[in-house]
1. Extension gain residue 140-residue 215, at 0.36 nm per residue separation less the Cα-Cα distance, in nm?
2. Which GluC sites (Glu not before Pro) in the range 130-160 sit in a loop by DSSP (not H, G, I, E or B) and have at most 14 other Cβ atoms within 10 Å of their own Cβ?
3. What is the spin-label model distance, in nm, from residue 185 to residue 172 if the labels are put 7 Å beyond Cα along the C-beta direction?
4. All other residues with a Cβ under 11 Å from the Cβ of residue 8 taken together, and with Lys, Arg as +1 and Asp, Glu as -1, what is their net charge?
5. Could you calculate the contour length gain from residue 55 to residue 235, that is, 0.36 nm times the residue separation minus the distance between their Cα atoms, to one decimal place in nm?
6. Which percent, to the nearest 5, of DSSP beta bridges fully inside the range 77-209 are antiparallel?
7. In whole percent, how big is the carbon plus sulfur part of the accessible area of the range 111-158, probe 1.4 Å, protein atoms only?
8. Rounded to the nearest 0.05, what FRET efficiency do residue 105 and residue 35 give with R0 = 25 Å and r taken as the Cβ-Cβ distance? Could you check?
Amino acid sequence: MSYQDINSKIIDSWCEDGWTWGQPITHEEYEKALAGEWGVLLTPTKMVPKEWFGDLKGKKLLGLASGGGQQIPVFSALGAKCTVLDYSTKQCESERIVAEREGYQVEIVQADMTKRLPFEDETFDIIFHPASNCYVEEVKPIFKECYRVLKKGGILMCGLDTGFAFIFDDTDMSIKYKLPFNPMKNPELYEECMKNDRAIEFSHTLEEQIGGQLEAGFCLTNLMEDTDGYGFFQEYNVPTFIATRAVK
């Protein structure tokens, strides 16, 4: 079983246990979006500035690893023509439930984003990619695929984990791990993840994540830092995430 298959099953279990990022929006929240009252997250706590989007009406939007019924229903309410790609069965199921409840159309694709994306060149106007590439070993190929499937002038918005928090032990916040954090190259770390029902996660440098977007051909237009929303780093206001906006 690949690490992506393992992560998909673990995320399914998290959703069943009430994981924050696996709970779809309510009917009331959808109606607020229809009325123009909305906000979406790329990172844990800061809403993405609305000016990053422009007018969404009629735009073809891909939610990349964006299942769960949280952002895509909002974009659909605002008039975007949405496709969502996610590898978690439960996250895809949530998208179907909300779409059926609210009566809008969405294309739901259950697929591994580490593979070639199942879309033609220059298909989308916008790609919305919330913080999720911490579950992926190699991120640069994903940015290249995003560049391929975006139209010229298309927008890529990403949530990025800075990797800083991976050095700490979650229990007592002592420094425990060296970077890069990569269970696929460290058997002891892999076994620890499996034993503790922890997803197979990876730290990534800004060189990989922002530099990778630039290498793919994107022009970076906006950047916003964020905290993780809980615990030690939140208490001391330490930014551990970055949201970026880039244009093809």
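The values are calculated or read from the model by the stated rules, or taken from the named source; none is laboratory data. Keep in mind that this is a model prediction, so the values were computed, not measured. We place every Cβ from the backbone using ideal geometry, glycine too, and count neighbours over all the protein chains shown. Quick note on the areas: whole protein, heavy atoms, side chains included, nothing else; ligands and nucleic acids left out. Shrake-Rupley method; radii C 1.70, N 1.55, O 1.52, S 1.80 Å.
1. Numbers: separation 75, 0.36 × 75 = 27.00 nm, distance 0.83 nm.
Residue separation times 0.36 nm, minus the Cα-Cα distance, leaves 26.2 nm.
2. Numbers: sites: 137, 138, 145; in loops: 137, 138.
Those satisfying the criteria are 138.
3. 2.9
4. On the way: positive: 9, 90; negative: 5, 12, 86, 112.
That sum, taken over residues with Cβ under 11 Å, equals -2.
5. Details: separation 180, 0.36 × 180 = 64.80 nm, distance 3.59 nm.
Between residue 55 and residue 235, full extension yields 61.2 nm more.
6. Working: 1 of 10 bridges.
If I count the DSSP bridges inside the range 77-209, around 10 percent turn out antiparallel.
7. Numbers: 890 of 1900 Å².
So the carbon and sulfur contribution to the accessible surface is 47 percent.
8. On the way: r = 20 Å, r/R0 = 0.81.
Efficiency computed from Cβ-Cβ geometry: 0.80.
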